[in-house]
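Report on the following structure.
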Amino acid sequence: LVHNQGCGFEATGSAFAVASDELVTNEHVVEGARALSIVTATGHRVAVQSWVVSKSDDLALLRLSKPLFDHPVDIAVDPTVPGNLVVVIGYPLGGPLTVGRGRVLDVTPDPSGSGSETIQASVDILPGNSGGPLLDIHGQVVGVVRAIDLNNGSAQAIPSAQVSDLIAGKSTRPGQPC
């Protein structure tokens, strides 16, 4: 659970570990933050030391003040395709941790016109699921939950290729506290 203590507001979202001290979430989850922290599924709170955001996608990479995770997730190398089974893990509406299942419906150009693709999946999500992983049946991240398609109720996710670019430091900028 990502806790964003912003200037005049508080918000939460989801994230997942990609290294012992690094997590991926959405840029909109950390936007406007004065201070960020994460709360693990066991209730352990850790400060976020710094973060970078993608210049082209709604993604952020958080760096913790200390190593915390022994088993970060693997990022899928191959893109997901329609029909694949997927799982979403996250903290809808600020918690508790939930798991949802569904299928990939489509992989389409991003409706915002960014040039990247968007995964649409038949899995129920709510505000707070943003930043959580979309996993394949092998437990590998195939996307990052970003939004709900209000036309059909499907989950939208950013594909794992953009996550790999973020982790590699391609086209990022430092996160800006408010």
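Any read-out appearing in this document is the output of simple, stated calculations on the displayed coordinates, not a laboratory observation. None of these values were measured; they are calculated from a predicted model. No Cβ is skipped: glycine too gets one built from the backbone with ideal geometry, and neighbour counts run over all protein chains shown.
So what does log10 I(q)/I(0) come out to for region 63-157 at q = 0.15, 0.16, 0.19 Å⁻¹, using the Debye formula with one equal point on every Cα and no solvent? Normalising to I(0) and taking log10 leaves -0.58, -0.65, -0.89. Simple point charges give the picture: +1 on the Cβ of Lys and Arg, -1 on the Cβ of Asp and Glu, and for region 104-178 a dipole about the Cα centre of about 300 debye.
The phi torsions of region 120-131, fed into the Karplus equation with coefficients 6.51, -1.76 and 1.60 and a -60° offset, translate into couplings of 10, 9, 8, 10, 6, 9, 9, x, x, 6, 3, x Hz, rounded to whole numbers, with Gly and Pro shown as x. Normalising the average separation of contacting C-alpha pairs (under 8 angstrom, six or more residues apart) by the number of residues puts the relative contact order of the chain at 24 percent. For region 36-178, what proportion of DSSP beta bridges, expressed in % and rounded to the nearest 5, is antiparallel? Taking every DSSP beta bridge with both residues in region 36-178, the antiparallel ones total about 95 percent.
Of the options 17, 105, 152, report the single residue whose Cα projects farthest towards the positive end of the charge dipole of the chain (beta-carbon charges: Lys, Arg +1; Asp, Glu -1). Value: 17. Relative to one another, the C-alpha centroids of region 138-164 and region 8-54 are positioned 18 Å apart. Based on alpha-carbon atoms, the Kirkwood radius and the radius of gyration of the chain give Rg/Rh equal to 0.93. Name the residues of region 134-178 whose amide N is less than 18 Å from a point 7 angstrom out from the Cα of residue 56 along the C-beta direction? Only 143-144, 157-174 pass the distance filter. Only Lys, Arg, Asp and Glu carry charge here, each on its Cβ (+1 for the first two, -1 for the last two); on that basis region 13-149 has a dipole of about 480 debye about its Cα centre.
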